[in-house]
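Visitor: Handing you a structure now.
Computed from the coordinates by the stated procedures, all read-outs in this text should not be read as laboratory data. Everything quoted here is computed from the prediction, not taken from an experiment. Counting neighbours? That spans all protein chains shown, and the Cβs are built from the backbone with ideal geometry, glycine included.
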Amino acid sequence: MNTEQSRKPAARLKLRVSAAAEAALREGHPWVFAEAVREQSRAGQTGELAVVYDRQDRFLAVGLFDADSPIRLRALQVGRPEPIDAGWWAGRLEQALERRRGLFDARTTGYRWIHGENDGWPGLVLDRYDGTLVLKLYTAAWLPRLDRIAALVIERLRPERVVLRLGRNVRDIAASRFSRTDGDLLHGAAPAGPVVFLESGLRFEADVLRGQKTGFFLDQRENRRRVEGLARGRRVLNAFSYSGAFSLYAARGGASSVTDLDVSEHALAGAERNFALNQGNGAVASCARETVRAEAFDWLGASADKRFDLIILDPPSLARRQAEQAGAIRAYERLVGMGLARLAPGGVLAACSCSAHVSADQFFGAARKAAARSARPMRELQTTGHPPDHPAAFKEAHYLKAIFFEAGRRK
Ligand code: SAH
């Protein structure tokens, strides 16, 4: 099982990096890009540990080497050398669990245990959906030690099953070199049906084997709670609804109607099932529900006569790379403008962005510009960021932001 120790160990891989990369590591940035590597003691293999030495030949960091990614090293430990052994990994897991202690009661059984770099587990995510854990890898560097990491997690958390999910960039390497496939079971049996879990007392399905991310958007929990508190008596439009979670919170909060709008049939079918799962709640049962399958920009532009009292806009990332940043900022401004135009007097709009390549300032700036251009006065209610189980510890980790506006009562 422990291939690293059963082979005669090669000498530890050593790196020297640019002065800028050294400074970044010291400041807590976890990545060293390939072009910042100045010296390398030998060819390295994806997944082995590499040590970075500084100009004075002192230990600077140890991390996961990744020969297959432009992010050549992901730091595990910076500043003080420590043996990266079983006890170290167990301690690292404990820190992540400790950080979430007391955040969730029994009414929430779906949340993130490990949020990658921000919890000292670069490129690795661990989500809980009741008895099911989903371990998702965004770098192949974890694959050589996957069995050991899974064993540690299973021993500590005692889940019913553990599902392996693989980021797009990892899938080919996982199949060809490690015989691993997206959706593999690392522990326990495949679920007989969809995995059902609780978020704030509401029941949801998670599509853990095939769904986006790890099967559900766990990062929007706090914004959904805000929406629930704003929903009483309101007609709600949930644009980019995915599995309808914002709508369910709104319904429980007393919304008179909810409209789920998504381009994906599959997403809308999931939303329908989630609504059905919560019919035991009186407010949900008495809320009118409608679905619209459409491209949201087109639909918002075309349905000028339709008004809502509460609108949620939660599009997918509009900038998948840096080059798309300027276009994304313009798209956010247009989207928020169209949303604001659909608000009834006194209505509230919640606009979200999950693009890491658009900063909070850029997104809020675009949204405020749309609000200033609106025909009516718009009052900014609040802005929000990351939930506590998705901490953001370095610049690129900040992706989630939302801004809430209230439309003036005058026409
Ligand atoms: N708000 C959701 C998450 C949204 S994920 C939640 O709380 O869980 C983004 C969703 O937008 C996906 O369901 C995707 O199908 C949908 N989508 C992507 N592009 C779209 C478009 N142009 N118009 C409408 N929906 C779109």
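Visitor: Taking the Cα centroid of the stretch 49-120 and of the stretch 214-254, what is the distance between the two, rounded to the nearest whole Å?
Guide: Centre-to-centre (Cα) distance: 33 Å.
Visitor: Another question, if that's okay. Sort the stretch 274-411 into rounded, prolate or oblate with this rule: let a ≥ b ≥ c be the square roots of the eigenvalues of the Cα gyration tensor; rounded if a/c is under 1.5, and if a/c is not under 1.5, prolate when a/b is larger than b/c, oblate otherwise.
Guide: Working: a/c = 1.66, a/b = 1.22, b/c = 1.36.
In terms of gyration-tensor shape, oblate.
Visitor: Multiply the residue separation of Arg334 and Ser317 by 0.36 nm, subtract the distance between their alpha-carbon atoms, and state the gained length in nm to one decimal. Could the numbers behind the result be given before it?
Guide: On the way: separation 17, 0.36 × 17 = 6.12 nm, distance 1.49 nm.
Once the chain is fully extended between Arg334 and Ser317, it gains 4.6 nm.
Visitor: Any idea which of Leu313, Ala323, Asn278 is furthest toward the positive side of the dipole for the chain, if Lys and Arg beta-carbons carry +1 and Asp and Glu beta-carbons -1?
Guide: About the Cα centre, the residue reaching furthest to the positive side is Leu313.
Visitor: Same structure, new question: Taking the square root of 5 times each eigenvalue of the Cα gyration tensor, what semi-axes in Å does the equivalent ellipsoid of the stretch 1-106 have, largest first?
Guide: Details: eigenvalues 135, 72, 33 Å².
Ellipsoid half-lengths, sorted descending, are 26, 19, 13 Å.
Visitor: How would the stretch 126-168 be classified by its alpha-carbon gyration tensor: rounded, prolate or oblate, with rounded meaning a/c under 1.5 and the a/b versus b/c comparison settling the rest? Show your work: numbers first, answer last.
Guide: Working: a/c = 2.98, a/b = 1.39, b/c = 2.15.
Oblate.
Visitor: Over the stretch 106-212, how many percent of alpha carbon pairs lie in each 10 Å bin up to the one with the longest distance?
Guide: Computed distribution, short to long bins: 15, 48, 32, 5, 0.
Visitor: Moving to a separate point now. What's the magnitude of the charge dipole for the chain around its Cα centre, counting Lys and Arg as +1 and Asp and Glu as -1 at the beta-carbon? Answer in Debye, nearest 20. Walk me through the numbers before you get to the answer.
Guide: Working: 62 positive and 48 negative charges, 157 e Å.
For the chain, the charge dipole is close to 760 debye.
Visitor: Using a simple charge model, +1 on the beta-carbon of Lys and Arg, -1 on the beta-carbon of Asp and Glu, nothing else, what dipole does the stretch 1-158 show about its Cα centre, in debye to the nearest 20?
Guide: Once rounded to the nearest 20, the dipole reads 160 debye.
Visitor: Express the C-alpha Rg of the stretch 279-333 as a ratio against the empirical globular expectation 2.2 N^0.38 Å, rounded to two decimals. Working shown, then result.
Guide: On the way: Rg = 16.0 Å, N = 55, 2.2 N^0.38 = 10.1 Å.
Dividing the Cα radius of gyration by 2.2 N^0.38 Å gives 1.59.
Visitor: Ala283: net charge of surrounding residues, Cβ under 13 Å, Lys/Arg +1, Asp/Glu -1, itself excluded?
Guide: Numbers: positive: Arg232, Arg234, Arg252, Arg289; negative: Glu228.
Neighbour charge sum, excluding Ala283 itself: +3.
Visitor: Can you give the angle from 0 to 90° between the axis of helix 325-341 and the longest principal axis of the chain, with both taken from C-alpha atoms, to the nearest 10?
Guide: Here the helix axis deviates by roughly 30 degrees.
Visitor: Now for a different question. Can you list, bin by bin at 10 Å, the percent of alpha carbon pairs in the chain, starting at 0?
Guide: Calculated P(r), rounded to whole percents: 4, 21, 29, 24, 15, 7, 1, 0.
Visitor: Can you tell me how much longer the chain between Ala189 and Arg99 gets when fully stretched, taken as 0.36 nm per residue apart minus their C-alpha distance, in nm with one decimal?
Guide: Values: separation 90, 0.36 × 90 = 32.40 nm, distance 2.94 nm.
Working it through step by step, the gained length comes to 29.5 nm.
Visitor: Of all alpha-carbon pairs in the stretch 207-327, indicate the percentage at a distance above 19 angstrom.
Guide: Numbers: 3440 of 7260 pairs.
Value for the stretch 207-327 (Cα pairs over 19 Å): 47 percent.
Visitor: Right, here's the next one. Would you work out which of Leu164, Ala255, Tyr242 lies farthest towards the positive end of the dipole of the chain, given +1 charges on the beta-carbon of Lys and Arg and -1 on that of Asp and Glu, about the Cα centre?
Guide: So the residue furthest toward the plus end is Ala255.
Visitor: Of all the stretches in the chain, which is the longest one without any exposed loop site, taking GluC sites (Glu not before Pro) in a DSSP loop (any state but H, G, I, E, B) with at most 14 other Cβ atoms within 10 Å? Don't skip to the end; give the middle numbers.
Guide: Details: sites that count: Glu27, Glu160, Glu295.
Counting only loop sites that pass the neighbour cut-off, the longest clear stretch is 161-294.
Visitor: Let me ask something else about it. In degrees between 0 and 90, to the nearest 10, how far off the longest principal axis of the chain does helix 360-373 point, with axes built from Cα atoms?
Guide: In the chain, helix 360-373 runs at an angle near 20 degrees to the longest axis.
Visitor: Just the Kirkwood number for the stretch 203-264, please: inverse of mean 1/r across all distinct Cα pairs, in Å, one decimal. Provide the component values of the computation, followed by the final result.
Guide: Details: mean 1/r = 0.0838 Å⁻¹.
With all distinct Cα pairs of the stretch 203-264 included, I get 11.9 Å.
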